[in-house]
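Down below is the structure, laid out as structure tokens.
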Amino acid sequence: MTYEKVDRNKIALIHAAKAEIKMTEDNYRTVLKSRFNVTTSKDLTIPQFKALMETFEKLGYKSKYLTRKQLSNILNKAKIYWGKDFNKELKAFIKKQTGQEKQLGRLLVKEAQDVINGLDKMIDWKNKGKKTW
């Protein structure tokens, strides 16, 4: 199985994360070679990129984009509210919440929290209508 290589945006993110955690160039090259058997980030695959970013997070890197927990939370709540075919509705909801057309994975932490809060309110409202007295 062959995987897609990382693009320029992901390479830029790798280098920004490396700088934020103050990793030396020598240590960075050692990680690339020992963990992924590559000498440059351009040769990383998408799964390797994700693994490298997880390593950076363990070393203190904080992404400005939504967390895995937020992503999972949004997907679960969207499925509860709209059912399994929720993509179109969620995309429209994200636009309503953020005022922009954004892909789910490009939400900032604050925007993701706004989406989660909005979904919580909609689910609560939907459930109140189902209660029988």
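The values are calculated or read from the model by the stated rules, or taken from the named source; none is laboratory data. As the structure is a computational prediction, the values presented were derived from the model and not from experiment. Heads up, the Cβs are rebuilt from the backbone with ideal geometry, glycines too, and the neighbour counts pull from every protein chain shown.
In the range 32-43, which residue that is under 23 Å from the mean Cα position of the chain (by Cα) and surrounded by fewer than 17 Cβ atoms within 10 Å (Cβ to Cβ) is nearest to residue 56 (Cα to Cα)?
Taking the range 32-43 first, the residues under 23 Å from the mean Cα position of the chain (by Cα) are 32, 35-36, 41-43.
Restricting the remaining residues to those that are surrounded by fewer than 17 Cβ atoms within 10 Å (Cβ to Cβ) gives 35, 42-43.
On the way: 35: 13, 42: 17, 43: 18 Å.
Out of the qualifying residues, it is 35.
Do you know which of the residues in the range 75-133 that are assigned to a loop (DSSP other than H, G, I, E, B) and of a type in the set (Lys, Arg) is surrounded by the most Cβ atoms within 10 Å (Cβ to Cβ)?
Top of the filtered list is 102.
With the requirement that a residue be more than 15 Å from residue 54 (Cβ to Cβ) and either of a type in the set (Ser, Thr, Tyr) or not in a loop (DSSP other than H, G, I, E, B) (or both), what does the range 1-19 give you?
Hits for the range 1-19 are 2, 3, 5, 8, 9, 11, 12, 15, 16, 19.
For the range 30-66, give me the residue count where each residue is touching a Ser or Thr at 6+ places or on another chain (Cβ under 7 Å) and of a type outside the set (A, V, I, L, M, F, W, C).
Residues that pass the stated criteria total 1.
Spot the failing condition for residue 47; the list is (1) in contact (Cβ under 8 Å) with a residue 24 or more places away in the chain; (2) assigned to a helix (DSSP H, G or I); (3) surrounded by 13 or more Cβ atoms within 10 Å (Cβ to Cβ); (4) not assigned by TED's automatic domain parsing to the domain that holds residue 124, and only one is missed.
(3)
Among the β-branched types (Val, Ile, Thr) and assigned to a helix (DSSP H, G or I) - does that describe any residue in the range 28-36?
yes
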